[in-house]
Amino acid sequence: MFKRQNRLPGGRLNICSSFATPLFILKVKSNNLGLNRFGVVASKKIDKRAVVRNRIKRMLREIILNLNSGTIQGNDMLFIVKHGIINVAVRKCELEVINVLKKGKYIKV
């Protein structure tokens, strides 16, 4: 679970940069707070079972928490899950998140 200060309130990011992968869509917007805030969205289109959606959200949250110290601070990041993530291994998902953050230059190399 994210700390309260790292939770993204609401679920919308207007006028932001977006990056798409087969597993998720990442929307990023600057927040000028000096820390990152994160949100993970998994709709019922992914799977009707809440157990599956919650497992996916827990997996992404854990990956994000592990990478937060190496990211550039001051951004709101919203991960919108796609259907392709259901049977993906944690390591592959982690590599995908790292690649997207590198592509957007949001991670320190």
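The values are calculated or read from the model by the stated rules, or taken from the named source; none is laboratory data. Worth saying up front: this structure is predicted, and the values here are computed from it rather than measured. Glycine gets a Cβ as well: all are built from the backbone with ideal geometry, and neighbour counts include every protein chain shown. The area values use the complete protein model at the heavy-atom level, side chains included, leaving out ligands, DNA and RNA. Shrake-Rupley method; radii C 1.70, N 1.55, O 1.52, S 1.80 Å.
Note on segment 5-41: among residues that are closer than 17 Å to ALA89 by Cα and not aromatic (Phe, Trp, Tyr), the one that is farthest from the chain's Cα centre (by Cα) is PRO22. Among the candidates GLU94, GLU62, the residue that is open to solvent by less than 50 Å² (accessible area, probe 1.4 Å) and in a helix (DSSP H, G or I) is uniquely GLU94.
Can you name the residue in segment 97-109 that is open to solvent by less than 50 Å² (accessible area, probe 1.4 Å) and among the β-branched types (Val, Ile, Thr) and, of all such residues, is farthest from LEU60 (Cα to Cα)? Going through the qualifying residues, I end up with ILE107. When GLN5 is tested against (1) open to solvent by 50 Å² or more (accessible area, probe 1.4 Å); (2) under 17 Å from ILE72 (Cα atoms); (3) modelled with pLDDT of 90 or more, just one condition goes unmet, and that condition is (3). Quick check: is even one residue across segment 73-87 without any contact (Cβ under 8 Å) to a residue 60 or more places away in the chain, part of a helix (DSSP H, G or I), closer than 24 Å to LYS105 by Cβ and not polar (S, T, N, Q)? No: zero hits.
Picking from residues in segment 35-50 that are touching a residue at least 40 places away in the same chain (Cβ under 8 Å) and in a loop (DSSP other than H, G, I, E, B), the one that is surrounded by the most Cβ atoms within 10 Å (Cβ to Cβ) is ASN36.
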